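Structure, as structure tokens:
The values are calculated or read from the model by the stated rules, or taken from the named source; none is laboratory data. Fair warning: this is a prediction, and the values are worked out from it, not measured in the lab. Please note: Cβ atoms are built from the backbone with ideal geometry, for glycine as well, and neighbour counts cover all protein chains shown. Just so you know, the surface numbers come from the protein's heavy atoms only, side chains and all, with ligands and any DNA or RNA stripped out. Shrake-Rupley method; radii C 1.70, N 1.55, O 1.52, S 1.80 Å.
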Amino acid sequence: MKLFDTFLTGLSTGSIYSLMSIALVLVWRSTRVINFAQAGQAVLSTYVGYEIIVRTNSFWFGLIAAMIAGAAIGALIDFFFMRALFKRVKSGPIVLVAPVVATLGLLGIIQAITGFIWGLDNKSITPPVTTGGFTIGDRTLPFGPLNLLIVVAVTVSLLILAIIFQRTNIGLSLRASAFSPEISKLSGIKVDAIRTFGWALSGAAGGLAGILFVSNSALNPNAMDVLLVFGFVSAVIGGLDSLIGAVAGGFVLGMAINFAVAYIDTQMIFPTTFLILILVLLLKPSGLFSRSKGRRD
Amino acid sequence: MTLVVNDLTVDHGSIRAVSSVSFTVPTGQLATIIGANGAGKTTLLRALSGLIQPKSGSATWQSNSILNQPPERLARAGILHVADGKSVIAELSVKENLSLPTLWQRDKKSAKSSLDSVFQIFPRLAERINQNAGTLSGGERQMLAIGRAIVAKPKLLLLDEPSLGLAPLIVEQIFQTIKRLQTEMKLTVVLVEQNAMSALKIADEGIVLNLGKVVAVDSAQKLLNDPAVKAAYLGF
Ligand SMILES: Nc1ncnc2c1ncn2[C@@H]1O[C@H](COP(=O)(O)OP(=O)(O)OP(=O)(O)O)[C@@H](O)[C@H]1O
Ligand SMILES: [Mg+2]
């Protein structure tokens, strides 16, 4: 039974990691930027959601508000910050360093702002369903309505994302712009605008991840820092470039952490995370789920 | 109603790649730009399609300046650059590659018909419609790259070494297709080539570039028979 229980909690944790992982991959594949600011974007979006929940007493309005806020913040960052940065920084080693410094700087700024507005203490979000576990007979599972809600919400948004990417014109524009900005531009696609849209999608995913994450724990300006780490490791497991890989990576990491905690020790969260990261980097640096691009010559 | 390039200079940092280049291509004509490696041919095309900013000079198409404009705007205005190296997106299918220019076209019916016309010109692409572009042969990839430009309804076609790395028979086919496009779709074509012989055979005019400078401009016929050009670029 322990095996099954652990699987269930892994599912719920993994789904949130997947979302954060997707948020990072969406930006990475279109801009080659590891967006450290995402931890700030997600936390700010979650505070917006929190305010809406306090005012409307509706978790769902809060969730939608967090996603909208996330999308807006993402788009604004790209439009006013990243575009200007890449206009100036075009070649040389600085191209690799500048985005890291810039997004880390943004993270600091956003966290300072949220701390200033909301304080450093923990706020809590009341989830729309009970946090207890389902019961089978006299046994209570470590998986309850809230976990189910999380898994369902993530699954639905992943499906929506998949439809956007595979079935819509904007999805094709997003993929084309990520694979080859130059060919896309030469084909008449407004790559800059598409990129901003990608940042918005990423922000929305981050906002959703944020509000789901804290519905199970507590909200403070640094609440998303660990989630960023898990999301990043998930993305690396998935190969950084692949959305399917990001999702799979999230679940792999979620499962691994939960199993390590259940069967070894509660202290195993970070050792497991980094053990997996190092193993992937050593054995298959292109990610466990990378596909070959076809023939190369 | 022509492409007019006047005194165009383009630098890569401290390297002068294109130096005071001037030439004119009348509407509906096919001009080929030939020259050895590093002559500045690619750089010239990239400046004309908005991928790089020139240092000085001017270039107009139908009397409108085309320099320092975003490439996507020029593409939408009918200036289509097919970059060198079989420029297709390997991760996307043939159909998706061809669809890129339809994403912004308002008239969906005519977008569909331009897709169909590409399949008529290159039936091979129709057979491989759902295949990833990365799995195509070199010749097929070149067809796909040109096909994508056709879907965008070009008026001015800038082709960078379409023959690169292709077998002579395929090169012949591609060049015949380019000639056909020029006459049937009334395109103006700038064809950059190392394969000077084949290019001059289908071209109306030839421009010879050397170390960033124009060293000869003449009708393609004359250049084909010019002893100096023969010696330097045609290899006999
Ligand atoms: N991105 C770049 N940075 C620095 N120098 C460059 C760059 N691109 C081209 N050059 C230089 O500019 C000059 C012209 O290059 P260009 O690619 O335009 O030549 P080309 O005629 O297209 O050559 P090829 O026939 O080999 O394709 C060369 O000396 C090249 O080294
Ligand atoms: Mg070249």
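A few notes on this one:
- Global form of the range B:44-190, assessed from the alpha-carbon gyration tensor, a/c cut-off 1.5: prolate
- Using the Cβ-Cβ distance between A:THR168 and B:ALA126 with R0 = 22 Å, the FRET efficiency computed as 1/(1 + (r/R0)^6) comes to roughly 0.40.
- Taking Cα atoms only, the orientation of helix A:2-31 departs from the longest principal axis of chain A by about 20 degrees.
- Within the range B:39-183: Cβ-based charge dipole about Cα centre, in debye rounded to nearest 20 (Lys, Arg +1; Asp, Glu -1): 440 debye
- Normalised by the number of residues in chain B, the average gap of Cα pairs under 8 Å and 6 or more apart makes the relative contact order 28 percent.
- In degrees, nearest ten, helix A:59-77 long axis to first principal axis of chain A (Cα): 20 degrees
- The simple spin-label model puts a point 7 Å past each Cα toward its Cβ; for B:ARG73 and B:VAL215 those points are separated by 3.7 nm.
- Shielding value for B:132-141 is 2, the average number of Cβ atoms from other chains within 10 Å of each residue's Cβ.
- Per-peptide average of other Cβ atoms within 10 Å, ordering A:26-34, B:21-29 highest first: A:26-34, B:21-29
- Shape of the protein assembly as shown, Cα gyration tensor, a/c cut at 1.5: prolate
- Ratio Rg/Rh [Cα only; Rh per Kirkwood] for the range A:17-163: 1.05
- 10 Å Cβ neighbours from other chains, averaged over peptide A:174-184: 5
- Too-long pairs where the Cα-Cα distance tops 26 Å, listed order kept, from B:LYS179/B:LYS230; A:LYS284/B:LYS95; A:LYS185/B:LYS155: A:LYS284/B:LYS95
- Computing Rg and the Kirkwood Rh from the Cα coordinates of chain A gives a ratio, Rg/Rh, of 0.98.
- Share of carbon and sulfur in the accessible heavy-atom surface of chain A [1.4 Å probe, %]: 70 percent
- A 1.4 Å probe run over the protein chains yields, for the range B:143-212, 34 Å² of accessible area per residue, whole-number rounding.
- In degrees, nearest ten, helix B:168-184 long axis to first principal axis of chain B (Cα): 90 degrees
- Contact surface A-B: accessible area buried, both sides summed, square angstrom, 1.4 angstrom probe: 2200 Å²
- Gyration tensor (alpha-carbon) shape descriptor, the range A:22-91, a/c threshold 1.5: prolate
- From phi via Karplus (6.51, -1.76, 1.60), per-residue ³J(HN,Hα) for the range B:30-44 in Hz, x at Gly/Pro: 10, 10, 10, 10, 10, x, 6, 3, x, 6, x, 5, 4, 4, 4
- A Förster distance of 30 Å, applied to the separation of the beta-carbon atoms of A:ASN216 and A:LEU96, puts the FRET efficiency at 0.25.
- Evaluated with a Cβ-only charge set (Lys, Arg +1; Asp, Glu -1), the range B:176-221 carries a dipole of roughly 100 debye about its Cα centre, given to the nearest 20.
- Antiparallel bridge percentage (DSSP; both residues within the protein assembly as shown; nearest 5): 60 percent
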